[in-house]
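The values are calculated or read from the model by the stated rules, or taken from the named source; none is laboratory data. Because the structure is a prediction, the values reported are computed rather than measured. Counting neighbours? That spans all protein chains shown, and the Cβs are built from the backbone with ideal geometry, glycine included. All accessible areas refer to the heavy atoms of the entire protein, side chains included, with ligands and DNA or RNA removed. Shrake-Rupley method; radii C 1.70, N 1.55, O 1.52, S 1.80 Å.
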Amino acid sequence: MIAFKSCVIAAGSQAVRLPFMPDDPRVVDSTGALALKEVPKRMLILGGGIIGLEMGTVYSTLGTRLDVVEMLDGLMQGADRDLVRIWQKMNARRFDNIMLKTKAVGARALAEGIEVTFAAVEEGGAAPEPQVYDLVLQAVGRSPNGKKIAAERAGVAVTDRGFISVDIQMRTNAPHIFAIGDIVGQPMLAHKAVHEAHVAAEVIAGELLGNKELASAAFNARAIPNVAYTDPEVAWVGLTEDQAKAQGIKVKKGLFPWAASGRAIANGRDEGVTKLLFDDSDEAHGHGRILGGGMVGTHAGDMIGEVALAIEMGADAIDIGKTIHPHPTLGESIGMAAEIAHGSCTDVPPARK
């Protein structure tokens, strides 16, 4: 038995395993995919999300031909479709088949590989013929480990799905027990978990030391960035354009094409774009704060932090556009996207009216 005054639960999550998949070394999750023993000729990615596409990028670079099956109508859900289209155009050469609105419904281990059977998600839809693969990567999501640690024996409430509910101080229903990371909910991202852990540690230290400032720490991030470490990378933070349309939020968009970026041209990788979205409601009076942003291109993940900072600080297009970015860099595309939204960019031709 271990006694403690305070405790932090950081038990994480595990990859979801489809029940019909055979127990075979040729069927792996994202962890198993990292233990590369040989380069498969054909690989099926179950799930068109970030993790599967990241691993697919690695294997494809080594020479593997890829198929991907996704139940929804597009890959990399969560990112704006215009960004994903650019990524997909650049990556079309990697895939033999991209099977959308399709699901895997059966599989069996054969001597020559793993045979997978498919079905259409929509009634009446056409399903691909069964295919045999050298490797199958299960990347259909992750489930929290809340049900695997007997947390309820310490009085901690765990949901049916295995999540542990916490308040903004990362405190569970048991006042001296905290939880952080994947086990407390989406998004399941390491950089979110680290900041949650900082909050929990500060609150605990503050209570033990009698430090009111530390004890009042809270997790109140306005936005958490997402990055797909593919080639090119796709990164976004805050409100997306698709979300704005769905929610009826009026936004002003600044879209800067990397074809006008000297650094991107010099790198030979000018396929990318940088997009910023600003509040364009009547209440904003033409000076709306930034609500979100996204980009696709090399090193997009290295730059999205500036957009996250702008959201946290409540910056508007003038704030970002008048911040002097070094030239020539990919990062200056953020300033130029803001200038486009403001109508003062001199690096691209004016929009036709």
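Atom-type composition of the exposed protein surface of the chain places 54 percent of the accessible area on carbon and sulfur (1.4 angstrom probe).
Viscosity 0.692 mPa s, temperature 37 °C: give me the Stokes-Einstein translational D for the range 294-353 in µm²/s, with Rh taken as the Kirkwood radius over C-alpha pairs. The Stokes-Einstein estimate is 271 µm²/s. The percentage of C-alpha pairs in the range 31-160 whose separation is greater than 22 Å is 44%.
Counting only whole DSSP H helices of the chain, the ones at least 18 Å long by C-alpha along their axis and with mean Kyte-Doolittle hydropathy no lower than 0.5 are 190-209, 300-313.
Beta bridges per DSSP, both residues in the chain: antiparallel share near 65 percent.
With all protein chains kept in place, the per residue accessible area of the chain amounts to 52 square angstrom at a probe of 1.4 angstrom. Net charge of the neighbourhood of Ala92, taken over other residues with C-beta under 15 Å away and scored Lys/Arg +1, Asp/Glu -1, is +1. The ellipsoid equivalent to the alpha-carbon distribution of the chain has semi-axes of 35, 33, 17 angstrom, derived from the gyration tensor eigenvalues as √(5λ) and listed largest first. The distance linking the range 234-269 with the range 85-134 is 30 Å (Cα centroid to Cα centroid, whole angstrom). Based on C-alpha pairs under 8 angstrom that are at least 6 apart in sequence, the chain has a relative contact order of 15 percent.
Helix-only arithmetic for the chain: the sum of -39500 (n - 2.57) across DSSP H runs with n ≥ 4, divided by the residue total, places the mean residue ellipticity at 222 nm at -8000 deg cm²/dmol.
Rounded to whole numbers, the Karplus 3J(HN,Hα) couplings from phi for the range 16-30 are 6, 10, 6, x, 8, 6, x, 7, 9, x, 8, 10, 10, 9, 5 Hz, using 6.51 cos²θ - 1.76 cosθ + 1.60 with θ = phi - 60°, and x at Gly and Pro. Structure shown: which of Lys245/Lys275; Lys89/Lys275; Lys103/Lys192; Lys147/Lys212; Lys101/Lys253; Lys252/Lys322 lie over 22 Å apart, alpha-carbon to alpha-carbon? Over 22 Å Cα-Cα: Lys103/Lys192; Lys147/Lys212; Lys101/Lys253. Annotation for the range 304-353 versus the range 137-195: alpha-carbon center distance of 37 Å. Taking a ≥ b ≥ c as the square roots of the eigenvalues of the Cα gyration tensor, the range 229-326 is prolate, since a/c reaches 1.5 or more and a/b is larger than b/c. Distances between placed amide hydrogens fall under 5 Å for Val348 paired with no residue 5 or more residues away or on another chain.
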